[in-house]
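The values are calculated or read from the model by the stated rules, or taken from the named source; none is laboratory data. Note that the structure is a prediction, hence the values are computed from the model and not measured. Cβ placement follows ideal geometry from the backbone for every residue including glycine, while neighbour counts extend to all protein chains displayed. Side chains included, ligands, DNA and RNA excluded: accessible areas come from the protein's heavy atoms. Shrake-Rupley method; radii C 1.70, N 1.55, O 1.52, S 1.80 Å.
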Amino acid sequence: GSLSMRHSVCLGLAPRHVLVADFAAISNDGLADHATAASTPRIAALLDADEIDLDELEELWGPEQFRDENGFVAFCRAVDDVFEKDEYEEVLLVDEAIATTVGERIRRGEVVLTVPGAASPGDCDALYEAVTQSY
């Protein structure tokens with residue numbers, strides 16, 4: 001196909017409830033086609049920014065003329081997968097995390113995230129020193 005990986009944070013995996021709301025706004029009798037799906041805010045923003053084109057969207061949509069809610073969410077996830085994500089690693093701070101999502105694990109203090117290249121070792125040292133001096 002004509003799809004290639006790109007580096008972007010444009011779509012950023014919208015939560016399912018946001019995609020479901022997008023689908024509810026465009027669906028007709030619980031179904032939507034790819035042209036209508038392209039009018040949703042997240043997909044339209046990608047098109048407007050020339051991050052993806054209509055042919056690529058059609059390829060990702062597949063042979064089905066219409067999709068239901070789950071199919072639409074899967075389509076949005078497929079669009080998002082075209083874009084590379086910055087890598088991060090979870091560092092566990094407890095013996096066993098209880099929470100099921102990354103956000104909840106962070107909120108509960110079960111993990112921290114490391115993001116390679118986000119700050120230099122010197123930047124980290126300066127931040128650490130500033131924090132320790134404030135106590």
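Here are a few things to note about the model shown:
- For the chain, a simple Cβ point-charge model (Lys and Arg +1, Asp and Glu -1, everything else neutral) yields a dipole of about 440 debye relative to the Cα centre.
- The protection proxy used here, the mean number of other Cβ atoms lying within 10 Å of each residue, ranks peptides 103-114, 36-47 as follows, highest first: 36-47, 103-114.
- Our coupling estimate for region 27-37, obtained by passing each phi through the Karplus curve with A = 6.51, B = -1.76, C = 1.60 and θ = phi - 60°, is 6, 10, 6, x, 9, 8, 9, 5, 5, 5, 4 Hz, Gly and Pro reported as x.
- Calculated FRET efficiency, E90 to S120, Cβ-Cβ distance, R0 = 30 Å: about 0.90 to the nearest 0.05.
- Sulfur and carbon atoms: percent of accessible area, the chain [1.4 Å]: 54
- Of D22, D53, the residue with the largest accessible area leads and the full order is D53, D22 (1.4 Å probe).
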